[in-house]
Amino acid sequence: MSSTIMHLLELISKEAVTVVIAAAPGGGARQAIRVGSLMGLNGARLFPLSFAGNFLPIVPVLFLLEPVSNFIYTHWGLWRTGIGRLAIAVDRRSWVRQVYGGLVVATIAALPFSLTGVWAACLAASFFRIRFRYAFPAITFGTMLGGGASFALYLVTNGKLPAFFPR
């Protein structure tokens with residue numbers, strides 16, 4: 001199975017594989033930087049490709065999750081009795097949600113745990129009903145923090161960081 005996957009990856013360019021991994025759910029810039037460095041991409045190409053791929057799903061996911069969350073809020077009875085109570089409490093304080101929701105979304109996007117990143121931040125923005133104009137910059141900032149930390153780790157492990165900080 002893994003040899004078949006590796007054979008398929010050999011047919012695609014290294015750059016395209018990096019962008020696809022960055023855009024995939026559970027992937028993200030952190031994993032794309034790791035895989036791209038293992039495939040031999042240099043840092044000058046790796047960093048922009050991983051971020052470009054990571055930003056691809058933000059706008060469609062934010063716009064597509066809004067109708068889904070509205071449907072769940074209005075039609076699913078279990079939602080209103082369980083988790084929906086938290087959402088109702090958040091809706092009562094909409095100014096708090098708009099002010100601090102961006103910080104929560106940026107933190108979720110920046111966390112270096114598995115299954116956190118752009119996709120989880122978009123889900124959180126949809127759950128807390130954060131407007132697009134607040135959610136997009138927060139997710140972008142959080143992704144830049146998490147990916148920047150991963151890129152710095154890449155530079156350290158490949159011995160390229162001491163060139164920036166001589167002793």
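The values are calculated or read from the model by the stated rules, or taken from the named source; none is laboratory data. Given the structure is predicted, the values throughout are model-derived calculations rather than measurements. Neighbour counts run over all protein chains shown; Cβ positions are idealised from the backbone, glycine included.
Tabulated values for the structure
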item: Residue, modelled with the lowest pLDDT, within region 135-167, restricted to residues that are among the aliphatic types (A, V, I, L, M) and more than 13 Å from the chain's Cα centre (by Cα); result: Ala163
item: Residue within region 25-48 that is surrounded by fewer than 16 Cβ atoms within 10 Å (Cβ to Cβ) and among the β-branched types (Val, Ile, Thr) present; result: no
item: Elements of type helices (runs of 4 or more DSSP H) in region 22-134, at least 2 residues being at pLDDT 85 or above and over 30 Å from Val156 (Cα atoms); result: 58-75, 118-127
item: Long-range neighbours under 6 Å by Cβ, at least six apart or interchain, first residue farther than 13 Å from Ile108 by Cβ within region 140-160, second of a type in the set (Lys, Arg); result: Ser150/Arg30
